[in-house]
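The values are calculated or read from the model by the stated rules, or taken from the named source; none is laboratory data. All values derive from a computational prediction rather than experimental measurement. Every residue, glycine as well, gets a Cβ built from its backbone with ideal geometry; the counts of neighbours run over all protein chains shown. Side chains included, ligands, DNA and RNA excluded: accessible areas come from the protein's heavy atoms. Shrake-Rupley method; radii C 1.70, N 1.55, O 1.52, S 1.80 Å.
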Amino acid sequence: MTPLSADDLVSTAAERAALAALRQAVGAGDSVMERHCLRVFLILERLAALLSIEIDREVALCASFLFELGIYPLASTGDVYTTDGRRHAERILRPFGWPEARLRRCLDAVERHHQLRPQWSHGPEVELLRRADLVDAAPALFRGPLPRAWLRELFRQVPRAGLYRDLLALIFRMARERPGTMRWIFLPPRPPRS
């Protein structure tokens with residue numbers, strides 16, 4: 001099987017805009033972060049299938065491309081990075097005229113992906129993205145119902161090389177530049193400011 005790329009999955013204007021925003025924040029296509037976001041989506045989609053949960057694919061794919069953007073200077077306002085990511089994602093997606101509940105589900109997935117408790121009450125895309133991020137970060141600990149062989153094949157098609165190095169570098173930079181925000185990453189998000 002040939003390697004997968006994010007370009008293979010996008011089919012709507014919103015998905016293309018989300019992928020473009022990711023590439024703009026990271027500064028390149030096919031980056032370590034882009035591959036992380038791609039794997040998170042594929043894991044989310046597979047979990048939904050295994051658990052027989054219906055998801056909104058466009059919401060899930062857009063959230064998967066946008067959920068880490070708050071960590072980059074392009075989206076940073078000095079707030080908690082997940083909240084910054086939510087604001088940036090809203091700027092990207094609001095022009096597409098999604099119904100408010102649908103947009104909120106996508107934005108909640110971005111902002112709540114580090115929550116320690118399940119997020120089912122915010123929608124399946126929110127909880128499944130949270131779980132998929134855990135699986136990609138630590139597959140030995142959080143694999144859940146995903147077959148090992150399936151994960152091995154995914155990691156072969158969308159390599160994980162450089163993931164921990166890049167994530168640690170981003171976390172250290174954020175801790176240096178925005179030390180006050182680090183402690184809030186795993187707490188419930190504050191209500192959005194008007």
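One table, with the values for the structure above:
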read-out: Residue list for the stretch 1-59, restricted to those being farther than 23 Å from Trp98 by Cα, assigned to a loop (DSSP other than H, G, I, E, B) and not charged (D, E, K, R); value: Met1, Thr2, Pro3, Leu4, Ser5, Gly27, Ala28, Gly29, Ser31, Leu51, Ser52
read-out: Residue, most open to solvent (accessible area, probe 1.4 Å), within the stretch 124-146, restricted to residues that are in contact (Cβ under 8 Å) with a residue 12 or more places away in the chain and over 15 Å from the mean Cα position of the chain (by Cα); value: Pro145
read-out: Within the stretch 89-102, considering residues that are within 15 Å of the chain's Cα centre (by Cα) and surrounded by fewer than 23 Cβ atoms within 10 Å (Cβ to Cβ), the one farthest from Glu125 (Cα to Cα); value: Ile92
read-out: Criterion: small (Gly, Ala, Ser) and open to solvent by less than 30 Å² (accessible area, probe 1.4 Å) - qualifying residue of Ala14, Ala49, Ala20; value: Ala14
